[in-house]
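Enquirer: Here it is, the structure, as structure tokens.
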Amino acid sequence: VQLQASGGGLVQAGDSLRLSCAASGRTFSSRDMAWFRQAPGKEREFVAAIRSGGAIYYGDSSMKGRFTISRDNAKNTVYLQMNSLKPEDTAVYYCAAKNPSGSVFLSNTYDNWGQGTQVTVSS
């Protein structure tokens, strides 16, 4: 599976963005999909995941209330809707895919990564 992330940009605090991650290949529906982010000088951080079976997980409590992950298997695409964006959400956002076993929270369980899309939130 090859992943192509898009939808990032420069927005103001309080705005919304929807990130998309388009996957190639025929195995998308059987893969767990996730979004991670990495801010300058910080480690990569788990944002959200959606398993092949539909179970959804979010990072910290602030993400759960503002971010929504979804997938469209017919379009081989996973989305991250981000509302009420804050300056601290500024980061490069990566989509990732893995086989449906093991933890969704750990980046080293994912074997496919997209190239990342920059999200910058100004105050």
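The values are calculated or read from the model by the stated rules, or taken from the named source; none is laboratory data. Predicted, not measured: the structure shown is a model, and the values here were computed from it. Counting neighbours? That spans all protein chains shown, and the Cβs are built from the backbone with ideal geometry, glycine included. These accessible areas exclude ligands, DNA and RNA; they are computed on the full protein's heavy atoms, side chains included. Shrake-Rupley method; radii C 1.70, N 1.55, O 1.52, S 1.80 Å.
Enquirer: Under the Karplus relation 6.51 cos²θ - 1.76 cosθ + 1.60, θ = phi - 60°, what is the ordered set of whole-Hz ³J(HN,Hα) values for segment 54-64, x standing for Gly and Pro?
Expert: These are the phi-based 3J(HN,Hα) values: x, 4, 10, 9, 10, x, 5, 4, 5, 6, 4 Hz.
Enquirer: For the chain, with all protein chains present and a 1.4 Å probe, just round the carbon and sulfur fraction of the accessible area to a whole percent.
Expert: Values: 2840 of 6080 Å².
Solvent-exposed carbon and sulfur of the chain make up 47 percent of the total.
Enquirer: Gaussian network model of the chain, Cα springs within a sub-10 Å range: biggest mean-square fluctuation belongs to which of GLY59, GLY41, GLY14?
Expert: GLY41
Enquirer: Okay, next question. Using the Karplus curve 6.51 cos²θ - 1.76 cosθ + 1.60 with θ = phi - 60°, what ³J(HN,Hα) values do you get for each residue of segment 65-78, in whole Hz, with x for Gly and Pro?
Expert: So the Karplus estimates, Gly and Pro as x, are x, 10, 10, 9, 9, 8, 9, 10, 5, 5, 9, 6, 9, 10 Hz.
Enquirer: Normalised by the residues of the chain, what does the relative contact order come to in percent, with Cα pairs under 8 Å and at least six apart? Let's see the in-between values first.
Expert: Working: 304 pairs, mean separation 45.0, N = 123.
Value for the chain: 37 percent.
Enquirer: Just to confirm, what accessible area per residue do you get for the chain at 1.4 Å probe, in whole Å²? Walk me through the numbers before you get to the answer.
Expert: Working: 6080 Å² over 123 residues.
I get 49 Å² per residue for this part.
Enquirer: Ranking request for peptides 42-53, 23-34: highest mean number of other beta-carbon atoms within 10 Å first, then the rest in descending order.
Expert: Final packing ranking: 23-34, 42-53.
Enquirer: I'm a student and want to see the number: the projected area of the Cα convex hull of segment 1-56, averaged over all directions, in nm².
Expert: The directionally averaged projection comes out at 5.0 nm².
Enquirer: Hey, what did segment 26-65 get for relative contact order, percent, Cα under 8 Å, at least 6 apart? It would help to have the intermediate numbers written out before the result.
Expert: Working: 48 pairs, mean separation 12.6, N = 40.
Computed over segment 26-65, the figure is 32 percent.
Enquirer: Another question, if that's okay. From the C-alpha gyration tensor of the chain, pull out the three semi-axes of the equivalent ellipsoid (sqrt of 5λ each), sorted largest to smallest, in whole Å. Before the final figure, lay out the partial values.
Expert: Details: eigenvalues 102, 40, 35 Å².
Here the semi-axes work out to 23, 14, 13 Å.
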